[in-house]
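**Q** Below you will find the structure I want to go over with you.
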Amino acid sequence: MAAIVRLLSCNSSLLSTSLNSLHQSQILLKNNSKRVLSVAADSCLSSDFIGNSRFGISSRKESLHFKIQATITETEQPKWWEKNAGPNMIDIHSTHEFLNALSEAGDKLVIVEFYGTWCASCRALFPKLCKTAQENPEIIFLKVNFDENKPMCKNLNVKVLPYFHFYRGADGQLESFSCSLAKFQKIKDAIKTHNTDRCSIGPNKGVGDLNLETVSAPKKKQAE
């Protein structure tokens with residue numbers, strides 16, 4: 001009988017302890033829930049709290065997603081043909097722009113590059129051309145996208161890419177040739193030959209079948 005009483009007393013103590021623990025856990029959970037809700041209502045959440053709170057998991061994922069998207073946007077680079085070496089490198093989008101650029105260049109040496117966005121040789125050569133433009137700020141470099149200006153390129157007899165034309169004031173077209181990265185010395189040699197001080201008189205000459213004076217129709221041959 002005494003053993004039974006002791007057993008019941010022990011079980012009662014265990015039950016009381018368990019109930020007390022459960023009650024304390026409920027109070028703690030209730031307080032933590034209030035704390036979580038209270039902190040969640042604040043606009044400034046610490047990363048540690050968000051990481052440990054089941055209420056902050058979604059917010060943390062959204063924040064991480066936003067940071068990744070922002071990083072991708074900020075680090076997005078322009079396409080290789082959109083890079084510009086400086087104010088003396090000009091993108092040409094039409095025959096009108098081409099003729100105007102040549103006319104406004106006056107007696108400066110003008111180097112025209114005809115390129116294709118799909119042309120691997122053009123892409124390989126382009127960084128070298130940009131460096132040359134930076135080293136020669138007195139020279140005007142014109143970039144002509146072949147696909148955007150096919151009629152003009154056809155009139156100028158551009159059949160391979162990359163292709164280069166050299167112009168200077170009243171002298172008109174000085175030289176034209178195709179060139180790859182391996183033969184870039186051709187461009188340097190042409191610059192050395194044509195980029196010299198000179199005195200020019202008389203009106204500007206035509207550019208192939210294009211006319212600098214009218215900036216519109218091809219130059220008509222005069223009747224003999």
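The values are calculated or read from the model by the stated rules, or taken from the named source; none is laboratory data. Bear in mind the structure is a predicted one, so any value in this text is a computation, not a measurement. Every residue, glycine among them, receives a Cβ derived from its backbone with ideal geometry; neighbour counts consider all protein chains shown. Quick note on the areas: whole protein, heavy atoms, side chains included, nothing else; ligands and nucleic acids left out. Shrake-Rupley method; radii C 1.70, N 1.55, O 1.52, S 1.80 Å.
**Q** Which condition number does Ile139 fail, the rest of (1) closer than 25 Å to Gly86 by Cβ; (2) among the hydrophobic types (A, V, I, L, M, F, W, C); (3) open to solvent by 50 Å² or more (accessible area, probe 1.4 Å) being met?
**A** Evaluating Ile139 over (1) closer than 25 Å to Gly86 by Cβ; (2) among the hydrophobic types (A, V, I, L, M, F, W, C); (3) open to solvent by 50 Å² or more (accessible area, probe 1.4 Å) leaves (3) as the failure.
**Q** Out of the residues in the range 91-115 that are within 21 Å of Leu161 (Cα to Cα) and among the polar types (S, T, N, Q), state the one that is surrounded by the most Cβ atoms within 10 Å (Cβ to Cβ).
**A** Selected residue: Thr95.
**Q** So which residues in the range 162-178 are touching a strand residue (DSSP E or B) at 6+ places or on another chain (Cβ under 6 Å) and open to solvent by 40 Å² or more (accessible area, probe 1.4 Å)?
**A** Gln173, Leu174, Glu175, Ser176, Ser178
**Q** Let me ask something additional. Would you check which residues across the range 132-172 are part of a helix (DSSP H, G or I), more than 27 Å from the chain's Cα centre (by Cα) and of a type in the set (A, V, I, L, M, F, W, C) and list them?
**A** Start the filter on the range 132-172 by keeping residues that are part of a helix (DSSP H, G or I), which leaves 132-135, 146-148, 150-155, 169-171.
From the residues that got through so far, the ones that are more than 27 Å from the chain's Cα centre (by Cα) too are 151-152, 154-155, 169-171.
Passing the criteria: Met152, Ala170.
**Q** So in the range 116-131, with the set limited to residues that are touching a Phe, Trp or Tyr at 6+ places or on another chain (Cβ under 8 Å) and assigned to a helix (DSSP H, G or I), which one is most open to solvent (accessible area, probe 1.4 Å)?
**A** Across the range 116-131, the extreme among qualifying residues is Arg123.
**Q** Suppose the filter is at pLDDT below 60, in contact with a helix residue (DSSP H, G or I) (Cβ under 8 Å, 6 or more places away or on another chain) and either aromatic (Phe, Trp, Tyr) or more than 11 Å from Val112 (Cα to Cα) (or both); does Asn204 pass it? Step through it out loud before you land on a result.
**A** On the way: at pLDDT below 60: yes; in contact with a helix residue (DSSP H, G or I) (Cβ under 8 Å, 6 or more places away or on another chain): yes; either aromatic (Phe, Trp, Tyr) or more than 11 Å from Val112 (Cα to Cα) (or both): yes.
Criteria met by Asn204.
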